[in-house]
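The values are calculated or read from the model by the stated rules, or taken from the named source; none is laboratory data. A quick note: this is a predicted structure, and the numbers were derived from the prediction, not measured. Neighbour counts are summed over all protein chains in view; Cβ atoms, including those assigned to glycine, are modelled from backbone coordinates with ideal geometry.
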Amino acid sequence: MALCPYCSSELPENAKFCTNCGAPLNPSPSDAASSLPEEPQYPAVDYPESLVSDQEVYARPAQQPVTYHPQPAVAPVNTTGLLIWAIITALFSLIPGIVAIVQTTAINKQTTVEAQQQKMRSAKIWCIVGTVLGILVIIGQCGNAL
Ligand SMILES: [Zn+2]
């Protein structure tokens, strides 16, 4: 004989519900075993997957701006004035003028601002060298003519 824990009525041994108040009694071990292991498995499978995918989603956009940042900083430079000077330099003295033209056309092919400024500096130096050489040659010819 068993007693209902709620109303203390006397019950048959194998009763699942109290015949007096209807309360559920002593759940069988098979019911407890089937319900317990299933519940912890769902969070163990779901949470690691969502955490990994979240990390990948947030990690990739964070890395891309770091690599893309330097590229928009290299804006095309207006080299028209420098190119005209280099062509005029080539008319005075051919070799420094051609070097200046090559350096000027290479300015906007550079991938960093530093390389761009370096090309522009060397193009200006070759322009100055060619112009000075050309003026010296003209002065020398004028001197010979006199
Ligand atoms: Zn009862």
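Numbers at a glance
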{"quantity": "Members of the stretch 106-146 that are touching a residue at least 24 places away in the same chain (Cβ under 8 Å) and either loosely packed, with under 14 Cβ neighbours inside 10 Å or not in a helix (DSSP H, G or I) (or both)", "calculated": "Gln110, Thr111, Thr112, Val113, Ile135, Val137, Ile138"}
{"quantity": "Filter result for Pro65 (loosely packed, with under 10 Cβ neighbours inside 10 Å and either modelled with pLDDT of 85 or more or not assigned by TED's automatic domain parsing to the domain that holds Thr131 (or both))", "calculated": "yes"}
{"quantity": "Positions within the stretch 99-118 being over 14 Å from Thr131 (Cβ atoms) and not polar (S, T, N, Q), in sequence order", "calculated": "Val102, Ala106, Ile107, Lys109, Val113, Glu114, Ala115"}
{"quantity": "Candidate set from the stretch 6-24 (those that are more than 8 Å from the ligand (Cβ to nearest atom) and part of a loop (DSSP other than H, G, I, E, B)); member that is nearest to the chain's Cα centre (by Cα)", "calculated": "Lys16"}
{"quantity": "Number of the condition not met by Ala59 [criteria: (1) in contact with a Ser or Thr (Cβ under 7 Å, 6 or more places away or on another chain); (2) at pLDDT below 85]", "calculated": "(1)"}
